[in-house]
Amino acid sequence: MTATRRAVIAGSVAVTLAAPRLARAAAGAVVVIGAGFGGATAARYLKRLDPAVDVTLVEREASIVTCPFSNAVLGGYETLQGITRSLGGLKAAGVKVVRGEASAIDLQARRVRLADGSRIAYDRLVVSPGIDLNFAGVAGYSEAAAAQMPHAWKAGAQTMLLRQQLEAMPDGGTFIVVPPANPFRCPPGPYERVSLVASYFKAKKPKSKILVLDAKDNFSKQGLFQAAWEAEFPGMIDWIAGKDGGKVESVDPAAMTVKCGFGSQKGDVVNIIPPQRAGAIAQSAALAGDNGWCPVDPMTFASTKATNVHVIGDASIAGAMPKSGSSANAQGKVAAGAILASLAGKPAPTPALNNICYSLVTPDYGISVTDVYQVTKDKGITTTPNAGGLSVRTPTDLGERKLEAAFARGWYRNISADSWG
Amino acid sequence: MRALAAFAATLLTAGVAAAQDGPSGQAMVQTCYVCHGPEGRSAEAVPALLRGQKEFVVRQMIEFKADRRPATIMNRIAKSYSDEQIAAIADYLAGLK
Ligand SMILES: Cc1cc2nc3c(=O)[nH]c(=O)nc-3n(C[C@H](O)[C@H](O)[C@H](O)COP(=O)(O)OP(=O)(O)OC[C@H]3O[C@@H](n4cnc5c(N)ncnc54)[C@H](O)[C@@H]3O)c2cc1C
């Protein structure tokens, strides 16, 4: 059945919604918004764990360009095609994939409205829309300004634009990177980006400099990154903490300047990573709080703002879990388990949650941070004491850095298969 | 080494009764798949998880946990699990076809 036809049929189901719920299949109907790491995993695991459940996934894009390994594209070590995932595996798993924009959620009537006017009814809804960029959060920046100063924080055209700018930059040029304050998507992401661009500069434009103007005073895997920068790219990278004047006050895209605590800095290429919030659909359905993110029950990822709705991935507030593809995948499985239990009238299973963030410094130099989480109703999601954490500070004969670079690629391939099939 | 074998044997018998409060073996094993691939069938670099080999899995996890087997990351991960949870993980993996 084609996506359009499914949407039309779903629309007609919505019309008969007044009919008693008993008339529906016992297993129930689940709608998932977003086919990124979170939504795809939730949809696949719902079908895997109970093939009888009816799962419809709404996604605005025809295929998914992943942010993981998009920094490798910026370094010239990966192609956009190599990080594009098809939705064919989800269809093969029995998920009804509807291409379209979810424009509203009617929480009372339990249905999702699409931009084309069709509606899809649900018993349970999973919302995994990822992030929206808050362009206004940086004075002088805007969606239009991203054509001069790309964010490249959603992978695709923006990634290619930044790559082209880096390729066109003369040797001896300055690349300015402006990471946001916490919380944001992928805490180590800006620093992996700095590393892989430095790796490219070292090979092709060794006189170039990278200036990182940070809103923060410290960052994810900082010790590991800075030791690696010292060893691999001595003198190339200058990271300025917020307290030392790194916090950016405004940008001027026409002049290609960035104003921070110590005046105006001119870049040949400038990457602004603006502050973020849960995707628009979460805001319009009032699933987000004042801070822009969605509170959830840590045991089930059920929204605390609406019934029969689960919010997962970057959009959710998940205690100690960072906003990562790995977290979103783990949360998708927890939501799937909780939904199937609740449809069957059973208590939710105890959740198992973990996160793994690999970062590449060069194509042969990988580092990681990982945690397995403990979850309780009162304390929420916390890391397991005396476990998890960072790669060894000093590598041994095992050759940790090179091995972890290979495992990072293995992780990418395996999490892709686990999420999209 | 013999002490380790005896320890592993206790864990093996601890088996299913264990981990009643925590997540199920299945729920914990599903979190391994992001690195080891769906059902542990890794397609690249990371070793595949051997299914149907409970004793092997328990022993590796104990070795990782005690930093006796050199590893890039499994030592950090294994330390997150109690011995009972390791038994539940190995039990579930052993049942996978
Ligand atoms: C440069 C960079 C590097 C990264 N590297 C890593 C890494 O190495 N490891 C890692 O674990 N994480 C990494 N991340 C983080 C990771 O990309 C995100 O955390 C992850 O994508 C979150 O998954 P999600 O399901 O919440 O959102 P997404 O993956 O963004 O998926 C959301 C989907 O919903 C769709 N959507 C949104 N709204 C609607 C709507 N109204 N209707 C229809 N469809 C809609 C979107 O099109 C999108 O496909 C990186 C991020 C960046 C920016």
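Secondary structure note: in the protein assembly as shown, about 55% of the DSSP beta bridges are antiparallel. Taking all protein chains together and a 1.4 Å probe, the residues A:K266, A:K216 rank A:K266, A:K216 from largest to smallest accessible area. Taken along the Cα-to-beta-carbon direction at a fixed 7 Å, the label points for A:A203 and A:R60 span 3.4 nm.
The distance separating the Cα centre of segment A:32-55 from that of segment B:70-97 comes to 26 Å. Neighbours of A:G389, meaning other residues whose beta-carbon lies under 13 angstrom from its beta-carbon, give a summed charge of +3 when Lys and Arg score +1 and Asp and Glu score -1.
Express in nm, to one decimal, how much length is gained between A:E230 and A:S103 on full extension, taking 0.36 nm for each residue of separation and deducting their alpha carbon distance.
40.9 nm
Gyration tensor analysis over the Cα atoms of segment A:135-272 returns equivalent ellipsoid semi-axes of 20, 18, 15 Å (largest first, whole Å). Across all directions, the average projected area of the convex hull around the alpha carbons of segment A:49-110 is 6.2 nm².
Between A and B, buried accessible area summed over both sides at probe 1.4 Å, in Å² to the nearest 100? Interface area, both chains combined: 2600 Å², rounded to the nearest 100. Our estimate of slack between A:E167 and A:A147, defined as 0.36 nm per intervening residue step minus the Cα-Cα distance, is 5.6 nm. For the peptide B:74-85, the mean number of other protein chain Cβ atoms found within 10 angstrom of a residue's Cβ is 4.
What residue among A:F233, A:C260, A:Q158 has its Cα farthest toward the positive end of the dipole of the protein assembly as shown, where the charges are +1 on Lys, Arg and -1 on Asp, Glu, each on the Cβ? With unit charges placed on the Cβ atoms, the residue in question is A:Q158.
For segment A:39-100, applying the loop criterion from DSSP together with a ceiling of 15 other beta carbons within 10 Å to the GluC sites (Glu not before Pro) yields A:E61. Rounded to whole numbers, the Karplus 3J(HN,Hα) couplings from phi for segment A:96-102 are 7, 9, 10, 7, x, 9, 6 Hz, using 6.51 cos²θ - 1.76 cosθ + 1.60 with θ = phi - 60°, and x at Gly and Pro.
Interface residues of segment B:22-36, defined as those with an accessible-area decrease of at least 50 Å² between the chain by itself and the complete set of protein chains (probe 1.4 Å), are B:Q30, B:T31, B:V34, B:C35.
Ordering A:W229, A:W239 by accessible area with a probe of 1.4 Å, largest first, what comes out?
Result, largest first: A:W239, A:W229.
Solvent-accessible area per residue in segment A:20-98 equals 37 Å², computed with a 1.4 angstrom probe and all protein chains kept. Taking 0.36 nm per residue of sequence separation and removing the Cα-Cα distance, the A:L49/A:S264 pair yields an extension gain of 71.8 nm. Shielding by partners for peptide B:40-50, expressed as the average number of C-beta atoms from other protein chains within 10 Å of each residue's C-beta, is 4. Amide hydrogen proximity for A:I33: with H placed 1.01 Å from N in the peptide plane, the residues at 5 or more positions away or on another chain lying under 5 Å are A:V58, A:V126, A:V127, A:S128.
Translational diffusion coefficient of segment A:271-330 (Stokes-Einstein, Kirkwood radius from Cα pairs, 25 °C, 0.890 mPa s): 208 µm²/s. The DSSP beta bridges internal to segment A:135-272 are antiparallel in roughly 35% of cases. Hey, got the dipole for segment A:64-169? About the Cα centre, +1 on K and R Cβ, -1 on D and E Cβ, debye to the nearest 20? About 520 debye. Summarising the label geometry, the points placed 7 Å from Cα in the beta-carbon direction at B:R68 and A:N218 lie 3.5 nm from one another. Spread over its residues, the convex hull of the C-alpha atoms of chain A is 142 Å³ per residue. Using the Cβ-Cβ distance between A:F135 and A:L390 with R0 set to 25 Å, the FRET efficiency works out to roughly 0.15. Note the angle between two axes, namely the Cα long axis of helix A:325-343 and the longest principal axis of the Cα atoms of chain A, as a number of degrees from 0 to 90, rounded to the nearest 10. The answer is roughly 10 degrees. A simple spin-label model places the labels of A:A280 and B:L96 4.0 nm from each other, with each point 7 Å out along Cα-to-Cβ. For the residues A:R409, A:R85, B:R41, a 1.4 Å probe over the protein chains yields an accessible-area ranking, largest first, of B:R41, A:R409, A:R85. For A:A278, nonlocal amide neighbours, meaning residues 5 or more places apart or on other chains whose placed amide H falls under 5 Å from its own, are A:D132, A:W293. Compactness of segment A:321-404 was expressed as the Cα radius of gyration divided by 2.2 N^0.38 Å, which yields 1.39.
Computed over neighbours whose Cβ is under 11 Å from that of A:S70, the net charge equals +1, Lys and Arg +1, Asp and Glu -1. Note on segment A:100-153: with charges restricted to the Cβ of Lys and Arg (+1) and Asp and Glu (-1), its dipole about the Cα centre is near 260 debye.
A:K202 exposes around 100 Å² of accessible area when a 1.4 Å probe is run over every protein chain in place.
Think of each Lys and Arg Cβ as +1 and each Asp and Glu Cβ as -1; about the Cα centre, that makes the dipole of segment A:135-272 roughly 180 debye. The aspartates and glutamates within cross-link reach of A:K402, meaning a Cα-to-Cα straight distance under 13 Å and a gap of 8 or more places when in the same chain, are A:D364.
Each residue of segment A:159-168 is assigned a 3J(HN,Hα), and the resulting list reads 4, 5, 4, 5, 4, 4, 5, 5, 5, 7 Hz, derived from the Karplus form 6.51 cos²θ - 1.76 cosθ + 1.60 (θ = phi - 60°), x at Gly and Pro. Over segment A:160-230, accessible surface divided per residue gives 35 Å², non-protein components excluded, 1.4 Å probe. On C-alpha positions alone, give me the angle between the axis of helix A:189-204 and the longest principal axis of chain A, in degrees, nearest 10. It is inclined by approximately 40 degrees. Segment A:260-309 and segment A:78-98 have their alpha-carbon centroids 25 Å apart.
A straight Cα-to-Cα reach below 20 Å connects A:K154 with the lysines A:K323, residues fewer than 8 places away in its own chain not being considered.
Split the accessible area of the protein assembly as shown by element, probe 1.4 Å, and carbon with sulfur accounts for 54%.
With only the Cα atoms considered, segment A:119-206 has a convex hull volume of 149 Å³ per residue.
The values are calculated or read from the model by the stated rules, or taken from the named source; none is laboratory data. These figures come from a predicted structure and were not determined experimentally. Here the Cβ is made from the backbone with ideal geometry for all residues, glycine too, and neighbour counts use every protein chain on show. Just the protein is used for accessible areas: all its heavy atoms, side chains included, with ligands, DNA and RNA removed. Shrake-Rupley method; radii C 1.70, N 1.55, O 1.52, S 1.80 Å.
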